[in-house]
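Here is the structure we will look at.
The values are calculated or read from the model by the stated rules, or taken from the named source; none is laboratory data. Bear in mind the structure is a predicted one, so any value in this text is a computation, not a measurement. Here Cβ is always computed from backbone atoms with ideal geometry, including for glycine, and neighbour counts include all displayed protein chains.
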Amino acid sequence: MEFSEQALILQVGRFKEADLWIRFLSPSRGILSAFAFGGSRSRRRFPGCLDVFNEVLVKARSSRQGAYLALQEGVLLRGSRRLRADWARFGLAANCAKFLQCFGVGSEGADKVHLVMRQLLQLLEEVEAVSPYVPFLFRARVAFDQGYALSPETCAGCGCSLADRGARFSIEEGRLFCPSCAPRLIFGRLMNLGPAALALLAAVQQRAPGEWIDPACPERDLADCSRALDAFVCRHVGLTWEKGRFARV
Ligand SMILES: [Zn+2]
């Protein structure tokens, strides 16, 4: 196997003195690992490109027996200077990259994950203030894109519009109900989401990361929505952030 592709570097490790081990996200193959022999020394084959969160055009080839993948060369398409100079931003990006690795991204749907991760890195690179809730929203978006659907517009019980009344979110069912249906139909854990939290939820499903959070969205709705989405991802994807790492629930 040999291919050239735009890749987002998610993790870089050192292997022997001059060699690197790279984990990257490709838009057609998902997350792959490869060795970059001479990666930390060769300025001709890898001119300043093998750093975490860089977007790189990589050329990769399988070893003869197909036991591993080796990067032949790389060309930097977009760097992430600001991210690396700001630990808070770097931490948010690292959290999202770790989530992707635990979630597992194969070839199916890799294009969507690649796009939203690319947009997220751009957001972290460009905006002045970054909300600490972004990783929660990002995890939910990845889950939504991989088929864990949620309908924030209508009640799952009676079909009425939720836009003005807000909703009760059943974590176990992964569905939203209007205030009249929720007590009749649901016995499990419910979380309240007001209209602004529902609008945020819809934006997370449909828009790019830079358009998720309306500046007018009250802090409480932002927190409510993030908490609900965190519980949703924990319950349905089976991953939760605990003591600095993602754990299977
Ligand atoms: Zn209803």
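Is the stretch 179-186 home to any residue that is more than 9 Å from the ligand (Cβ to nearest atom), assigned to a loop (DSSP other than H, G, I, E, B) and in contact with a Phe, Trp or Tyr (Cβ under 9 Å, 6 or more places away or on another chain)?
yes
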When residues of the stretch 154-165 are limited to those that are within 12 Å of the ligand (Cβ to nearest atom) and part of a loop (DSSP other than H, G, I, E, B), the one nearest to LEU198 (Cα to Cα):
LEU162
Criterion: farther than 18 Å from ALA199 by Cα and away from the ligand (no atom under 16 Å from the Cβ) - qualifying residue of ARG141, ARG89:
ARG89
What's the number of the only condition in (1) assigned to a strand (DSSP E or B); (2) touching a residue at least 12 places away in the same chain (Cβ under 8 Å) that THR240 fails to meet?
(2)
Hey, any hits in the stretch 43-54 for a residue that's surrounded by 16 or more Cβ atoms within 10 Å (Cβ to Cβ), over 18 Å from the mean Cα position of the chain (by Cα) and modelled with pLDDT of 95 or more?
no
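To keep it simple, each residue is scored yes or no on (1) in a strand (DSSP E or B); (2) hydroxyl-bearing (Ser, Thr, Tyr); (3) over 23 Å from the mean Cα position of the chain (by Cα).
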| residue | (1), (2), (3) |
| --- | --- |
| SER4 | yes, yes, yes |
| ALA34 | yes, no, no |
| SER40 | no, yes, yes |
| VAL56 | yes, no, no |
| ALA60 | yes, no, yes |
| ALA70 | yes, no, yes |
| ARG89 | no, no, no |
Would you confirm, using the coordinates I've provided, whether GLY147 is within 21 Å of LEU25 (Cα to Cα) and modelled with pLDDT under 95?
yes
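With the structure loaded, tell me whether SER170 is of a type in the set (S, T, N, Q), away from the ligand (no atom under 11 Å from the Cβ) and within 28 Å of ALA216 (Cα to Cα) or whether it fails that test.
yes
A quick yes/no check of all residues on (1) aliphatic (A, V, I, L, M); (2) under 14 Å from ARG118 (Cβ atoms):
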residue	(1), (2)
MET1	yes, no
SER4	no, no
ILE9	yes, yes
PHE15	no, no
LEU25	yes, yes
GLY48	no, no
ASN54	no, yes
LYS59	no, no
Just give me the residues in the stretch 198-213 being of a type in the set (A, V, I, L, M, F, W, C), under 26 Å from LEU121 (Cβ atoms) and touching a helix residue (DSSP H, G or I) at 6+ places or on another chain (Cβ under 9 Å), in sequence order.
ALA199, LEU200, LEU201, ALA203, VAL204, ALA208, TRP212, ILE213
Based on this model, can you work out whether LEU77 counts as surrounded by fewer than 20 Cβ atoms within 10 Å (Cβ to Cβ), assigned by TED's automatic domain parsing to the domain that holds LEU50 and more than 16 Å from the ligand (Cβ to nearest atom)?
yes
Between residues in the stretch 52-72 that are more than 11 Å from PHE3 (Cα to Cα) and residues that are of a type outside the set (A, V, I, L, M) and part of a loop (DSSP other than H, G, I, E, B), which pairs lie under 6 Å by C-beta distance while being six or more apart or on different chains?
PHE53/SER80; ASN54/GLY79; VAL56/CYS49
Do any residues in the stretch 139-164 that are β-branched (Val, Ile, Thr) have Cβ atoms under 8 Å from those of residues that are more than 14 Å from the ligand (Cβ to nearest atom), where the two are at least six apart or on different chains, and which pairs are they?
VAL142/PHE99; VAL142/LEU100; VAL142/PHE103; VAL142/VAL113; VAL142/VAL116
Hits in the stretch 105-125 - residues which are within 17 Å of ALA94 (Cβ to Cβ) and outside any helix (DSSP H, G or I)
VAL105
